[in-house]
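K.L.:
Questions regarding the structure given below will be posed in turn.
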């Protein structure tokens, strides 16, 4: 066998080996991202017509962009004020669901911004939130959409209630005590929103209300 043929055969073997090895590596990365992002991975994949590789590329871009985002601390009074405001909005929802949803959307956006997430646009903030709160980030989307529909008079009461519930879950994660927070050592085991205010009452109808969520 000549040296030239040997080189060619060696190159062919190398290429074939690479082709065999690439799919498992890609599969491993997709599986890792799916485990990390959960429902967010499925949502992004659906936007790419079920293409997991495209979803992985998009989520990897988000991780590179926002993975090292520095979360800002909150003072104890600030955390308590945020919790009280949200509890008040849940009570307001009974009589004025549209107004409550709009205010809750602004409050959640403001809290995320104070925590250090981008405030330039809702879309950018959601991308950053999806890296650090992938299992709860859809609450921001739901609240934002419900607020828009409420403003145009198209929102359904039950959809708004669901948005408040989903938004509350993200709100609680953002409000939960972090190591950089003032007084965090005493607050890490405490819930930011009490059990009493943890449910979202349904819209008042006929003088009666039902509590759910």
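The values are calculated or read from the model by the stated rules, or taken from the named source; none is laboratory data. Everything quoted here is computed from the prediction, not taken from an experiment. Reconstructed Cβ throughout: ideal geometry from the backbone, glycine too, with neighbour counts over all protein chains shown.
K.L.:
So which residues in segment 50-62 are farther than 26 Å from residue 163 by Cα and in a helix (DSSP H, G or I), if there are any at all?
P.N.:
Within segment 50-62, 52, 53, 54, 56, 57, 60, 61 meet the criteria.
K.L.:
Could you tell me whether any residue of segment 82-92 is over 16 Å from residue 168 (Cα atoms) and either outside the structural domain of residue 144 (by TED's automatic domain parsing) or at pLDDT 90 or above (or both)? Reasoning before the result, please.
P.N.:
Let us first name the residues in segment 82-92 that are over 16 Å from residue 168 (Cα atoms), namely none.
Scanning segment 82-92, I find no residue that is over 16 Å from residue 168 (Cα atoms) and either outside the structural domain of residue 144 (by TED's automatic domain parsing) or at pLDDT 90 or above (or both), so the answer is no.
K.L.:
Now a separate question. Hey, any hits in segment 184-195 for a residue that's within 20 Å of residue 108 (Cα to Cα), surrounded by 15 or more Cβ atoms within 10 Å (Cβ to Cβ) and modelled with pLDDT under 55?
P.N.:
Yes - at least one qualifying residue is present in segment 184-195.
K.L.:
Taking only segment 61-91 into account, find how many residues are within 30 Å of residue 32 (Cβ to Cβ) and surrounded by fewer than 14 Cβ atoms within 10 Å (Cβ to Cβ).
P.N.:
Within segment 61-91, residues that are within 30 Å of residue 32 (Cβ to Cβ) and surrounded by fewer than 14 Cβ atoms within 10 Å (Cβ to Cβ) number 6.
K.L.:
Before we move on, is residue 157 touching a strand residue (DSSP E or B) at 6+ places or on another chain (Cβ under 9 Å) and modelled with pLDDT under 95?
P.N.:
On the way: touching a strand residue (DSSP E or B) at 6+ places or on another chain (Cβ under 9 Å): yes; modelled with pLDDT under 95: yes.
For residue 157, the condition - touching a strand residue (DSSP E or B) at 6+ places or on another chain (Cβ under 9 Å) and modelled with pLDDT under 95 - is met.
Let's see how each residue does on (1) modelled with pLDDT of 80 or more; (2) touching a helix residue (DSSP H, G or I) at 6+ places or on another chain (Cβ under 7 Å):
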| residue | (1), (2) |
| --- | --- |
| 5 | no, no |
| 12 | no, no |
| 22 | no, no |
| 25 | no, no |
| 29 | no, yes |
| 38 | yes, no |
| 53 | yes, yes |
| 56 | yes, yes |
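K.L.:
Now, a different point. How about segment 70-177: which helices (runs of 4 or more DSSP H) wholly inside it have at least 1 residues that are over 18 Å from the mean Cα position of the chain (by Cα) and touching a residue at least 60 places away in the same chain (Cβ under 8 Å)? Walk me through it before giving the result.
P.N.:
Details: elements: 76-92, 97-114, 122-132, 138-151, 157-175.
Answer list for segment 70-177: 76-92, 97-114, 157-175.
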